[in-house]
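Visitor: One structure follows; several queries about it will come next.
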Amino acid sequence: MENLDLSGRKALVVGIANEHSLAWSAARHFRAAGADLAVTWLNEKARPYVEPLATQLEAPVAMACDVRAPGSLEAVFEAIRARWGRLDIVFHAIAWMRKEDLQGRLTDCSADGFGEAMTISCHSLIRMAHLAEPLMDQGGSVMTLSFLGAERVVDHYNVMGPVKAALEASVRYLAHELGPRRIRVNAISAGPVMTRAASGLDHFDALLEASAAAAPLHRRIEADEVGRTALALASGAMAAVTGEVVHVDAGLHVEGLVLRS
Ligand code: NAD
């Protein structure tokens, strides 16, 4: 059981790929605090990894969602509307960029590659907020995940740096627009954690090591620490916090990070 209570709250979590996903950690904490969950998997390839986790979460809404596919995200919100008629929490934990952009310089990023990375990793948050707004009739908490590369140059983060910067700016504008409806919008800027998405970045092991060495707390973070922060942001404990980027990075953001490999 959790100290913070989300009994009866309805939460959508998008971005679970497997048990290492930051979204899985958030989903477990929401469920342990009493929330009912809606979770998604990307496609049929991902389903065998995610569906058993959805079962563990006793999620009454569990379905595919590829934000690139027309109507896919809308279908998730329609399923939530049909099941619950309302929603309290949205946890957005998705990012994607083309392989050549993942491993190439921002300087060389094509317009198409930039657009795709933005659409999937940033505009999807805006779409989720848009679809959630009419369902959040008692206010709500919308969260997303960012990284230090939004604020500072982090070697090998490439196009995802500007994309996360846009994501953090979107958090502030969404918080401004949705505040009057008591919908809070925040980002968690997580320190590096080995996940499927992270393993695609060049030199990620070096990034993990350098982060632990540079951070004031001299350690890495655990996915669970992101989940616990998400729980706090979802709960009344942080009812006055919106438009914020909460750094869950052992303090790394006050030091910066130099990684030349
Ligand atoms: P992950 O691989 O577990 O999760 C990434 C998710 O994005 C997957 O579930 C994948 O299915 C989903 N996704 C990709 N394209 C999608 C699409 N078109 N439609 C729907 N879903 C799609 O990795 P993660 O590290 O848990 O990533 C979650 C978020 O956390 C990302 O936004 C990432 O940038 C952010 N983040 C990660 C770290 C880290 O070090 N792992 C640090 C800071 C921020």
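The values are calculated or read from the model by the stated rules, or taken from the named source; none is laboratory data. Being a predicted model, the structure only gives us computed values, none of them experimental. FYI the Cβ positions are ideal-geometry reconstructions off the backbone, even for glycines, and counts take in every protein chain you see. Note: areas computed on protein heavy atoms with side chains; ligands, DNA, RNA excluded. Shrake-Rupley method; radii C 1.70, N 1.55, O 1.52, S 1.80 Å.
Visitor: Place +1 on the Cβ of every Lys and Arg and -1 on the Cβ of every Asp and Glu in the range 138-212, take the dipole about the Cα centre, and give the residue among Ser141, Ala165, Ala190 whose Cα lies farthest towards its positive end.
Guide: Working it through, the farthest residue towards the positive pole turns out to be Ser141.
Visitor: Counting only protein heavy atoms, what percent of the accessible surface of the range 168-216 is carbon or sulfur at a 1.4 Å probe? All intermediate terms of the calculation are to be shown ahead of the outcome.
Guide: Values: 1180 of 2270 Å².
Within the range 168-216, the accessible surface is 52 percent carbon and sulfur.
Visitor: Taking only protein heavy atoms into account and a 1.4 Å probe, give the accessible area per residue of the range 6-60 in Å².
Guide: For the range 6-60, the solvent-accessible area averages 41 Å² per residue.
Visitor: In Å, what Rg and Dmax follow from the Cα atoms of the range 10-255?
Guide: That works out to 16.9, 49 Å for Rg and Dmax.
Visitor: Further, regarding this structure: How much accessible area per residue does the range 108-261 have, counting only protein heavy atoms and a probe of 1.4 Å, in square angstrom?
Guide: Computed with neighbouring chains in place, this is 44 Å² per residue.
Visitor: Separate question: First check a/c for the range 1-83, with a ≥ b ≥ c the square roots of the eigenvalues of its C-alpha gyration tensor; if it is under 1.5, answer rounded, and if not, answer prolate when a/b is larger than b/c or oblate otherwise.
Guide: On the way: a/c = 2.22, a/b = 1.37, b/c = 1.62.
Oblate is the answer for the range 1-83, as a/c is 1.5 or above yet b/c matches or exceeds a/b.
Visitor: Follow-up. At 7 Å along the Cα-to-beta-carbon direction for both Asp108 and Gln138, put a label point, then send me their distance in nm to one decimal.
Guide: Taking the two extended label points, one gets 5.3 nm.
Visitor: Rounded, prolate or oblate, given the Cα gyration tensor of the range 97-243, with a/c below 1.5 counting as rounded?
Guide: Numbers: a/c = 2.48, a/b = 1.35, b/c = 1.84.
Judged from the Cα gyration tensor, the range 97-243 comes out oblate (a/c at least 1.5, b/c at or above a/b).
Visitor: At 222 nm, what helix-only mean residue ellipticity would the chain give, in deg cm²/dmol to the nearest 500, using -39500 (n - 2.57) for each DSSP H run of four or more?
Guide: When only DSSP H runs of four or more count, the value is -11500 deg cm²/dmol.
Visitor: Sticking with this structure for a sec: Using the Cα gyration tensor of the range 132-206, with a ≥ b ≥ c the square roots of its eigenvalues, what is the shape: rounded (a/c below 1.5), prolate (a/b larger than b/c) or oblate (neither)?
Guide: Cα axes put the range 132-206 in the prolate bin.
Visitor: Hey, another quick one. Starting at the first residue of the range 68-79, write each ³J(HN,Hα) from the Karplus equation 6.51 cos²θ - 1.76 cosθ + 1.60 with θ = phi - 60°, in whole Hz, x for Gly and Pro.
Guide: Going residue by residue, I get 6, 7, x, x, 5, 5, 4, 5, 5, 5, 5, 4 Hz, with x marking Gly and Pro.
Visitor: Arrange the peptides 231-237, 150-156 so that the one whose residues have, on average, the most other Cβ atoms within 10 Å appears first.
Guide: On the way: 231-237: 20.0, 150-156: 18.0.
By packing density, highest mean first, the sequence is 231-237, 150-156.
Visitor: A further question follows. When you have a sec, figure out the Kirkwood radius of the range 197-261 from all distinct Cα pair distances and drop it here in Å to one decimal?
Guide: 13.4
Visitor: Now for a separate question. Note down the net charge around Asp88, summing +1 for each Lys or Arg and -1 for each Asp or Glu among other residues with Cβ under 9 Å from its Cβ.
Guide: +3
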